[in-house]
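Student: Before I ask anything, here is the structure I am working with.
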Amino acid sequence: MTMPHPNTDMLIEELVGGLQPVRPLSTTRGMVVAAASLAITFVAAITLTGLRWDLSMLAASPVYVIATGSFLLLGAIASFSVVMQSKPRVGADHSGWRWAALMLAILPFAAIVSSLDSWRSDFASPSAFDGLGCVMAGTLFGLLTFSALTWWQRKGAPTNPERAGLMTGVASGCFGIAGFSLSCVHSDIIHIGIWHTGAVLACALLGRLVVPPLLRW
Amino acid sequence: MKPDERSMARLTAMAQTGDRDAYRTLLVECRRWLGAYFAGKVPPQFRDDLIQDTLLSLHRKLATYDSKRAFLPWLAAIARYRWVDQLRSLYRKSETVLDDSHAAWSDEPAIAARISLERLLSRLPTGQAEVIALVKIEGLSISEAAAASGQSESLVKVNIHRGLRRLAASIESE
C-alpha cells in the first residue's frame, strides 16, 4: 500500500482550489464539428472549382457515385473514431475503421486490375495527367477537416496520438477528395482508384507525421 | 466508506459542475486507487510522481469524462498514458540512466526498479531486451553493446528503437 505523499496532499488542495465548471466533451458535438467541416469543404469546392456537369444534370456515373460514397463513408467512420478517441477509456476498440479502409482498397485494386493489359495508354491519358492535381486538390480541401479534427482532439485526451493522427489524416483525405470530386471531370475507375485514393493516402501520411506532436498532453 | 465505481462516477459528474467538496473526495480516492494500480508496475521511487502527474492530467482533462460511461476505465486510460509517457522519457534521456541519476538511492528501491524494468523487458524478444538493458540500463555505448551482444551497431540501434516502441504498444494495449 502506498503511503500518502505530503506533496500529493498539497497538490490535491491546489487542484480543488483551481476547479472550474467544465462542459463535458460530447460525441454529438464532435460529429457536428466534423460534419460542418465537410459541409464547408463542399461549399468551398463548388465555389472555387465549380460543379461537374453530370452532377448538375443529375446524371453521375455509377462508378463515381460508388467511389465518392465510399470516401464519404470512410471519412465519417474515421471522424467518429477520432471523436471517440478524444475521450480516453481502457478497453475501447478503435479498429472498426480498418474494415471500411479495406473496403475502400477495392478501388485501387480495381484500377490496377482493369489496367493490366492497357497500363501504358491508361497512364498516358489526360485522366492520369490530371491525377496529381486531384491528389493536391484533395489534400488541400482536406485541410479544413484536418484542422477541425485536430482542434477537437486538443480539447480531448487521445491516449494513442499516432493512431489519432492517422485517423485524422484518413478522415480529412476522404472528406477533401469527396469535396473535390464535385468538380473533378473524370469518372473512370483508374483515375478514381489511383489518384483519388492517393489523396487519402497523402493526408493519412500527413496526419501520422504532423498531428501526434500536437496531441500530446 | 470507500466509494465504489458508481459513486466515483457521480463525484466526477459533480466535479464537472464545479463542486469542490466532491472533487476533493474524488481526488483522494483516485490517489488511493492509483497507488494500487501502479504498485505492481512502477518502481516505488517513481510512483508518487506518477500519481501526481495522473491527478494533474485528470484535472486538465476533466471535461473528457462522459458520465454515461464507467469511471475507472477512464481513470485507468489516463494513468496508463502517463505511465507510458514516463517510460518513454525514462528510456529516452541518457541522463536518466538508472545507474547514473539514481546513485543516491538506497539499494532496495534500486533493486525494485531493476526488477520492474526487467519484468517489462521480458515482454520483448531476447535480442531487443538485451540491447535495451545494455544501453539504456547498464549505460554502455552502442559500440560496446554491439560487442557485448554480438549484434552489429546498426542492428543494436534498430532493436532499441523497435523494442521501446513495442514496449509502449504492449502497455497501451493492456
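The values are calculated or read from the model by the stated rules, or taken from the named source; none is laboratory data. Given the structure is predicted, the values throughout are model-derived calculations rather than measurements. Cβ coordinates were reconstructed from backbone atoms using ideal geometry, including for glycine residues, and neighbour counts include every protein chain displayed.
Student: Anything in region B:61-73 that is at pLDDT 95 or above and either assigned to a helix (DSSP H, G or I) or surrounded by fewer than 18 Cβ atoms within 10 Å (Cβ to Cβ) (or both)? List them, or say none.
Tutor: Across region B:61-73, the qualifying residues are B:LEU62, B:ALA63, B:THR64.
Student: Follow-up. Looking only at helices (runs of 4 or more DSSP H) that fall completely inside region A:36-124, which ones have 2 or more residues that are among the β-branched types (Val, Ile, Thr) and more than 15 Å from A:ASP188 (Cα to Cα)? Step through it out loud before you land on a result.
Tutor: Values: elements: A:53-56, A:62-85, A:97-104, A:106-114, A:119-123.
Hits in region A:36-124: A:62-85.
Student: Right, next: Give A:GLY50, A:GLY75, A:GLY91 a once-over and let me know the one that is on the phi > 0 side of the Ramachandran plot and away from chain B (no Cβ under 14 Å).
Tutor: Working: A:GLY75 fails: on the phi > 0 side of the Ramachandran plot; A:GLY91 fails: away from chain B (no Cβ under 14 Å).
Just a single option satisfies the conditions, and that option is A:GLY50.
Student: Being β-branched (Val, Ile, Thr) and under 17 Å from A:ALA105 (Cβ atoms) is the filter here; which residues of region A:180-207 pass it? Spell out the reasoning first.
Tutor: Kept after step one, since they are β-branched (Val, Ile, Thr), are these residues of region A:180-207: A:185, A:189-190, A:192, A:194, A:197, A:200.
Scanning region A:180-207 gives A:ILE189, A:ILE190, A:ILE192, A:ILE194, A:THR197, A:VAL200.
Student: Would you confirm, using the coordinates I've provided, whether A:ASP130 is more than 14 Å from chain B (Cβ to nearest Cβ), more than 24 Å from the chain's Cα centre (by Cα) and either of a type in the set (Phe, Trp, Tyr) or surrounded by fewer than 20 Cβ atoms within 10 Å (Cβ to Cβ) (or both)?
Tutor: Details: more than 14 Å from chain B (Cβ to nearest Cβ): yes; more than 24 Å from the chain's Cα centre (by Cα): no; either of a type in the set (Phe, Trp, Tyr) or surrounded by fewer than 20 Cβ atoms within 10 Å (Cβ to Cβ) (or both): yes.
So A:ASP130 does not fit the description; no.
Student: Sticking with this structure for a sec: So B:MET14 fits all but one of (1) at pLDDT below 95; (2) farther than 25 Å from A:PRO161 by Cβ; (3) more than 8 Å from chain A (Cβ to nearest Cβ); (4) in a helix (DSSP H, G or I); what number is the exception?
Tutor: For B:MET14, the exception is condition (1).
Student: Okay, moving on. Given the conditions (1) of a type in the set (A, V, I, L, M, F, W, C); (2) modelled with pLDDT of 95 or more; (3) in contact with a helix residue (DSSP H, G or I) (Cβ under 6 Å, 6 or more places away or on another chain); (4) over 30 Å from B:ILE51 (Cα atoms), report the number of the one that A:ALA36 does not fulfil.
Tutor: Unmet condition: (3).
Student: Same structure again: Can you name the condition, by its number, that A:SER79 falls short on among (1) surrounded by 13 or more Cβ atoms within 10 Å (Cβ to Cβ); (2) more than 30 Å from A:PRO161 (Cβ to Cβ)?
Tutor: Here A:SER79 meets the rest and fails (2).
Student: Among the listed residues A:THR41, A:THR8, which satisfies the condition of being more than 14 Å from every other protein chain (Cβ to nearest Cβ) and surrounded by 15 or more Cβ atoms within 10 Å (Cβ to Cβ)? Write out each step before concluding.
Tutor: Details: A:THR8 fails: more than 14 Å from every other protein chain (Cβ to nearest Cβ).
Sole residue among the options that is more than 14 Å from every other protein chain (Cβ to nearest Cβ) and surrounded by 15 or more Cβ atoms within 10 Å (Cβ to Cβ): A:THR41.
Student: Here is a list of conditions, (1) within 20 Å of the chain's Cα centre (by Cα); (2) buried (at least 18 other Cβ atoms within 10 Å of the Cβ), and B:TYR23 meets all of them except one; can you say which number that is?
Tutor: (1)
Student: Which of (1) more than 12 Å from every other protein chain (Cβ to nearest Cβ); (2) surrounded by fewer than 17 Cβ atoms within 10 Å (Cβ to Cβ) does B:MET8 not meet, given it meets every other one?
Tutor: Condition (2) is where B:MET8 drops out.
Student: Checking the conditions here, which among A:ALA157, A:ALA199 is farther than 29 Å from A:LEU55 by Cα, buried (at least 24 other Cβ atoms within 10 Å of the Cβ), in contact with a Phe, Trp or Tyr (Cβ under 8 Å, 6 or more places away or on another chain) and of a type outside the set (S, T, N, Q)?
Tutor: Values: A:ALA199 fails: farther than 29 Å from A:LEU55 by Cα.
None of the others qualify; the one that does is A:ALA157.
Student: Moving on to the next point. Run A:SER70 past the list (1) exposed (fewer than 13 other Cβ atoms within 10 Å of the Cβ); (2) within 24 Å of the chain's Cα centre (by Cα); (3) of a type outside the set (A, V, I, L, M, F, W, C) and report the number of the one that doesn't hold.
Tutor: (1)
Student: Kindly check whether there is at least one residue in region A:146-166 that is within 14 Å of another protein chain (Cβ to nearest Cβ), assigned to a helix (DSSP H, G or I), in contact (Cβ under 8 Å) with a residue 12 or more places away in the chain and more than 18 Å from A:ALA34 (Cβ to Cβ).
Tutor: yes
Student: From A:VAL22, A:VAL16, grab the single residue that is surrounded by 13 or more Cβ atoms within 10 Å (Cβ to Cβ), within 14 Å of chain B (Cβ to nearest Cβ), assigned to a loop (DSSP other than H, G, I, E, B) and not charged (D, E, K, R). So that I can check it myself, show each step before the final result.
Tutor: Details: A:VAL16 fails: assigned to a loop (DSSP other than H, G, I, E, B).
One residue alone meets the criteria, A:VAL22.
Student: Still on this model: Which residue pairs have Cβ atoms under 6 Å apart, sit 6 or more places apart or on different chains, and have a first residue in region B:42-68 that is more than 16 Å from A:PRO88 (Cα to Cα) and more than 7 Å from every other protein chain (Cβ to nearest Cβ) and a second that is of a type in the set (A, V, I, L, M, F, W, C) and not in a helix (DSSP H, G or I)?
Tutor: Between residues of region B:42-68 that are more than 16 Å from A:PRO88 (Cα to Cα) and more than 7 Å from every other protein chain (Cβ to nearest Cβ) and residues that are of a type in the set (A, V, I, L, M, F, W, C) and not in a helix (DSSP H, G or I), the close pairs are B:LEU50/B:VAL42.
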